[in-house]
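Notes to accompany the following structure.
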Amino acid sequence: MAFNIAQFKSLGLKYGGARSALFSCSVTFPASIGIVAGTGNSLTYAAQAASLPESAVGVVEVPYFGRKIKIAGDRTFGEWRITVQNDEDFKVRSGFEAWSGAINAMRNNVRSANFTFPEAYKQDMYVTQYSKDGAAIRSYQFVGAFPSTVDAIELDWNNQNQIETFNVTIAYDYWVGGNLIPSNVDLPPVSGQGFGRVSTSEIPN
């Protein structure tokens, strides 16, 4: 029952609860924009805040004699936002700026010849949740992702002892969840094996 604290500890928080600070983000920037090797790996360590994704199933209301019934509609996916810490090499910010600029140039209203097709500028991005012992326990793949907005960095003489951050808004086609850690990016070392908390058969795709 709800009043049994022993059951709450053993069933409600069996592993002590997932921690929002134990995560990483990763991406491989499009090769055609000429970004320095390892920039995508830098995002793994520079991403300060992100979120596990949301999605929603639309609702179609059908009226009948003054009443309405609700029928499931189409699924939609909201944009994904990450907050990035800026280092003095500006490596990650430069990567997103170059990516965005190749999609639509800053000076001219044109797209890079290397990005003629959407498949050329869309990449897959990942966010991975870790357990307290360092094992990856859940990962999400954002399919067909690209930066729609690279936010400003606020400069202020009053901001002492602070590291610059900026937000990036990511548009994507859809996401899938499961054992999806990419093999081509450098993720923090993990001590666990695979996705130790949830079997892949329990994860909906």
Considering the dipole of the range 1-159 built from charges on the beta carbon (Lys and Arg +1, Asp and Glu -1) around the Cα centre, which of VAL110, SER55, PHE90 is farthest to its positive end? SER55
In square angstrom, rounded to the nearest 10, how much accessible surface does ASP151 have for a 1.4 Å probe? 40
What net charge is computed for the residues neighbouring TYR140, neighbours being all others with C-beta under 13 Å from the C-beta of TYR140, Lys and Arg scored +1, Asp and Glu -1? -1
At 7 Å along Cα-to-Cβ for each site, give me the label-to-label distance between ALA113 and ASN86 in nm. 3.3
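Given R₀ = 45 Å, FRET efficiency for THR165-PHE65 by Cβ-Cβ distance, to 0.05?
0.25
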Check cross-link reach from LYS14 to the aspartates and glutamates: straight Cα distance under 19 Å, and skip same-chain residues fewer than eight apart. ASP133, GLU202
Rounded to two decimals, the Rg over Rh value of the range 56-119 from Cα coordinates and the Kirkwood Rh reads 1.31
Please identify every one of the chymotrypsin sites (Phe, Trp or Tyr not before Pro) in the range 67-166 that sits in a loop by DSSP and has no more than 14 other beta carbons within 10 Å of its own beta carbon. PHE90, TRP157
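The values are calculated or read from the model by the stated rules, or taken from the named source; none is laboratory data. Everything quoted here is computed from the prediction, not taken from an experiment. Neighbour counts are summed over all protein chains in view; Cβ atoms, including those assigned to glycine, are modelled from backbone coordinates with ideal geometry. Please note that ligands, DNA and RNA were not included when accessible areas were found on the heavy atoms of the full protein model with its side chains. Shrake-Rupley method; radii C 1.70, N 1.55, O 1.52, S 1.80 Å.
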